[in-house]
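Following: one structure in structure tokens, then a few remarks.
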Amino acid sequence: MSDALSLETVGLTKRFGAFTALDAVSIKVRAGSLHALLGENGAGKSTLVKCVMGYYHADDGDVLIGDRGQEIGSPRAAAALGLGMVYQHFTLVPNMSVAENLLLASGKVPAVVDWKAERAKMTRFMDSMPFRVPLDRPISALAIGEKQKVEILKQLYLDRRLLILDEPTSVLTPDEADEVLGFLRGLVDQGRLTIVMISHKLREIYAYAEEVSVLRQGKLVGAGRTADLAAPELTRMMVGVETLAQPAARAPKPAGDVVLDASGLVAADDRGRRALDGASLAVRAGEILGLAGVSGNGQRELVEILAGQRDPEAGAVKVHGERYAADRAAARKHKVVCLPEEPLKNASVPTMSVAENLALRRFDLAPMARGPWLSDGAIRRAAEKLIGEYRIRTRSPATPIAELSGGNVQRTVLARDLSEEIDLLVVANPCFGLDVKATAEIRAALVAQRNKGAAILLVSEDLDEILELSDRVAVIASGKIAYEAPIAAADRQEIGKRMVAH
Ligand SMILES: Nc1ncnc2c1ncn2[C@@H]1O[C@H](COP(=O)(O)OP(=O)(O)OP(=O)(O)O)[C@@H](O)[C@H]1O
Ligand SMILES: [Mg+2]
């Protein structure tokens, strides 16, 4: 017997005010298949699946689940039908444990929780999963990849029959992605589950999905079997071009003076556990140092220290040979820019407009500020320029940034920060959530900054990205630098080994 549910949308249309985000979209997802939903940033992918889940109400069109028309009024109604979704942004309660989050997700919290029985059930469930997360750990203490795994585990715990995953692997390493998707593929093959997966990663789409539907500017522009679609054709369907921007070659000039010099950094994570354990590294002008590592090995704390969001317990950070205070004044003086992960949360003000967010770094400088007043005209003009250059899809500069698609939030933050004059750039996973075209463009922008003489610390869980862009490679494991080599001497297998050795 098959438990998996089919899904069909017929002429689904969704407008936000005068803007049509979905324009009569009809897709068919067979029961017991893994179907990829593709398209560039802002194409309408998240909007489509949110309509299916009853999170948004479509203005027109129908949703069929298991061949029956359904009026799905809310995510709760969707859940009752066996539908679950992992959203593009985290939905976990940060100061509760993994176990508490699993319990909350069921939606039926009894007045008195029989923790012993619940624990036994959860432990049995966790033991049956190939990837695990400690049940007692608070969500806030998890690395970003672990949080994503909890989101997926939560849905599996609830025994869904149709699971929608909105960019489930954008924060996972390729190995983690294979572990998760391989397991989900197995459930699909057993006929227990149908999966709709939104992804920008061609490798995954070809490895795990049998069929695709492609959206562009709110319309369905193509669909078919992955076996029948070659990669250039798929790329063209998604972003309108067959070949992508290649990063300019790294100009072959020797690196300059040391710009960032971090030595002996020691810091605790949010649970008080030692996350950085004497890490030292230096980055010179005109070079990209790629820092590889499995998430949760101290990268986050390192970036937070450099961004001035965390004080080290020991060690020192110097920029241009001077002790670096990591506050706004020091960052401006030394031309330091830090780009953290989760930009909507960490690097933007969700309720402010795109234009205001683009001006965040400069709002107190001329010409944005005239005495105590901000110049709306100057802010708007500067924003329009960046929106054009970085092709940010927004209805207007005045749109609140929280209304942008995930990839366009990322583009906004990158546009703001990469348009600065930069001596030191610290970036963490800059291409998470970007479509293939934007990924190529951002990588090209990083190399261009490096060629102009910026020192770049590229923290990334994507080893391919590191090997493609870096002049030197280092590995962080258990809070220490476990490996360092110039790119010409860097050995992929050795790096992989050092990443997991403790
Ligand atoms: N709540 C909202 N209010 C207004 N406009 C919205 C809202 N949600 C989405 N939009 C707009 O609808 C369009 C489609 O957004 P959507 O989030 O569906 O894109 P996406 O294909 O998921 O992109 P990404 O790959 O960047 O996640 C975008 O132009 C976005 O700005
Ligand atoms: Mg989206």
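Observations on the model:
- Region 7-239: relative contact order in percent, alpha carbon pairs under 8 Å with at least 6 residues between: 30
- Taken over the Cα atoms of region 12-88, the convex hull encloses 101 Å³ per residue.
- The residues of the chain present an accessible area of 43 Å² per residue when probed at 1.4 Å with all protein chains retained.
- The figure for Phe125 is an accessible area of roughly 30 square angstrom, using a 1.4 Å probe on the protein chains alone.
- Sorted largest first by accessible area at a 1.4 angstrom probe radius, with every protein chain in place, the residues Glu179, Glu118 fall in the order Glu179, Glu118.
- C-alpha center-to-center spacing [region 413-455, region 131-189] in angstrom: 28
- Accessible area ranking (1.4 Å probe, heavy atoms, ligands and nucleic acids excluded), largest first, for Phe19, Phe90: Phe19, Phe90.
- Within the same chain, lysines fewer than 8 places from Lys253 are excluded, and of the rest, those with a Cα less than 27 Å from its Cα are Lys318, Lys333, Lys335, Lys452.
- Fraction of C-alpha pairs exceeding 33 angstrom in region 7-239: 17 percent, rounded to a whole number.
- When peptides 250-256, 44-50, 294-300 are sorted by average Cβ neighbour count within 10 Å, with the highest value leading, the order is 44-50, 294-300, 250-256.
- Share of carbon and sulfur in the accessible heavy-atom surface of region 1-160 [1.4 Å probe, %]: 50
- Nearest 10 degrees, 0 to 90: helix 406-418 Cα axis against the chain principal axis: 10
- Largest-first ordering by accessible area, 1.4 Å probe, given options Tyr206, Tyr483: Tyr206, Tyr483
- Each Lys or Arg adds one and each Asp or Glu takes one away; over the other residues whose Cβ falls under 10 Å from the Cβ of Val303, this sums to -1.
- When +1 charges are put on Lys and Arg Cβ atoms and -1 charges on Asp and Glu Cβ atoms, the dipole computed for the chain relative to its Cα centre reaches about 620 debye.
- In percent, rounded to a whole number, the relative contact order of the chain is 17, using alpha-carbon pairs under 8 Å and six or more apart.
- Solution diffusion estimate, µm²/s, Stokes-Einstein, the chain, Kirkwood Rh from C-alpha pairs, 20 °C, viscosity 1.002 mPa s: 89
- For region 271-276, Karplus couplings with θ = phi - 60° (6.51, -1.76, 1.60), whole Hz, Gly/Pro x: 9, x, 7, 5, 9, 10
- Note on region 250-315 and region 206-221: Cα centroid distance 39 Å, given to the nearest whole angstrom.
- Principal axes of region 403-502: Cα extent on each, largest first, Å: 42, 30, 23
- Residues with amide H under 5 Å from that of Ala454, placed H, sequence gap 5 or more: Gly286
- Helix-derived mean residue ellipticity, 222 nm - over the chain, DSSP H n ≥ 4, -39500 (n - 2.57), to 500: -9500 deg cm²/dmol
- Under 5 Å between amide hydrogens, built in the peptide plane, is the criterion, and for Leu38 it picks out Ser213, Val214, Leu215 among residues at least 5 positions away or on other chains.
- The tail of the calculated P(r) for region 91-136, taken as Cα-Cα distances beyond 13 Å, holds 58 percent of the pairs.
- Charges were assigned to the Cβ only: +1 to each Lys and Arg, -1 to each Asp and Glu. The resulting dipole of region 7-239 about its Cα centre is roughly 320 debye.
- Toward the positive end of the charge dipole of the chain, with +1 on the Cβ of Lys and Arg and -1 on the Cβ of Asp and Glu, the farthest Cα among Ser280, Gly290, Thr394 is that of Thr394.
- Ordering of 131-141, 439-449 by packing [mean C-beta count within 10 Å, highest first]: 439-449, 131-141
The values are calculated or read from the model by the stated rules, or taken from the named source; none is laboratory data. For clarity, every value in this text was computed on a predicted model and none was experimentally measured. Ideal geometry is used to build each Cβ from the backbone, glycine not excepted, and the neighbour counts take in all protein chains shown. Just the protein is used for accessible areas: all its heavy atoms, side chains included, with ligands, DNA and RNA removed. Shrake-Rupley method; radii C 1.70, N 1.55, O 1.52, S 1.80 Å.
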